[in-house]
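Just so it is clear, none of the values below were taken in a lab; they were calculated from the coordinates. Just so it is clear, the model here is predicted, and its values are computed rather than measured. Because the Cβ atoms are built from the backbone with ideal geometry, glycine has one as well, and the counts that use them run over all protein chains shown.
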Amino acid sequence: MKIVVLVKEVPDTYGDRKLSLETGLADRAASESVLDEIGERALEVALSYADAHPGTEVVVLSMAAESASATVRKGLAMGASSAVQVIDETLLGADLGLTAEVLAAAVKRTGYDLVIAGNQSTDGSGGVIASMVAELLDVPAATYLSSVEIGETEVAGVRATEDATARVSAPLPAVISITEALPDARFPNFKGIMAAKKKPFETVSLEDLGIEPHDPGASRSIVISLSEKPPREAGVKIVDEGDAGEKLAEFLIQNRLA
């Protein structure tokens, strides 16, 4: 079994997050960068299966700047067999479509039986990458799983909805995404950190994947304008002088809230 886990470096969830008004992109230097927690949970699913099934190969895959290599290497310290990082300056600010295209090409190049991802990252929160990658790979997708069971020929799990739960399954090869209902990830120990230095870590470019990011025939998203969020204004204070009800009703009507 070969399991590829999609991971991503993101700004620390508990740190400051700022938008660069020059580029329209997140200012990555505004806070510490970390491996996304949902990606760590996805990796834990793969590693737990590998612990119980010797011979399983777990590969962490990321599309990130060269500076993110130390963060991606954490996946190796946690127990992954190898890592692949797609590095290309032209990918800065890539939209969801291009990101999925690159990840799918990298997955196909690496080889896989199962791809595991988080349901959505804590920075972009697109929530569609797993489904898009599955579509590009032309394999089944089982998304937003709150439990996962990996078998030799299929993967199954439970998806929670607002009103019920649904049990879904898909034959391998397949792509799945998991939610925060899955267990927390293990911490890298000293032995794992030292072993990570000797594990295979491959970097690939768009040329290696045969992808042209500025293909005029492809649909790409661009930022046409941006501005800083205005400061919050003080609210309207209504003092009851015997006519508070009328004033409140007038306020609601003026703001189209009634």
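Annotations
- Looking at the range 2-209, the DSSP beta bridges with both ends there are about 40 percent antiparallel.
- Every Cα-Cα pair in the range 48-146 was counted, and those over 18 Å apart are 52% of them.
- Between the exposed loop cleavage positions of the chain, defined as trypsin sites (Lys or Arg not before Pro) in a non-H, G, I, E, B DSSP state with at most 10 neighbouring beta-carbon atoms within 10 angstrom, the longest gap is 1-196.
- Of all lysines in the structure, those lying under 30 Å Cα to Cα from Lys237, and not within fewer than 8 positions of it along the same chain, are Lys229, Lys247.
- The range 2-209, Rg to Rh (Cα coordinates; Rh as Kirkwood inverse mean 1/r): 0.95
- Exposure rule at most 16 other beta-carbon atoms within 10 Å, DSSP loop GluC sites (Glu not before Pro): the chain longest free segment: 33-151
- Theoretical ellipticity at 222 nm over the chain - DSSP helices of four or more residues, -39500 (n - 2.57) apiece, nearest 500: -8500 deg cm²/dmol
- Calculated on C-alpha atoms, the gyration radius of the range 104-193 divided by its Kirkwood radius gives an Rg/Rh of 1.00.
- The count of lysine pairs in the range 2-209 with alpha-carbon distances below 18 Å, taking only pairs 8 or more places apart or on different chains, stands at 8.
- Rounded to 10°, Cα long-axis angle of helix 244-254 versus longest principal axis of the chain: 60
- Inter-site label distance for Arg186 and Glu162 at 7 Å from Cα along Cβ, in nm: 3.9
- Efficiency of FRET from Cβ geometry, Asp51 and Glu149, R₀ 22 Å, rounded to 0.05: 0.90
- Highest GNM mean-square fluctuation among Asp163, Asp95, Asp138, for the chain modelled with Cα contacts below 10 Å: Asp163.
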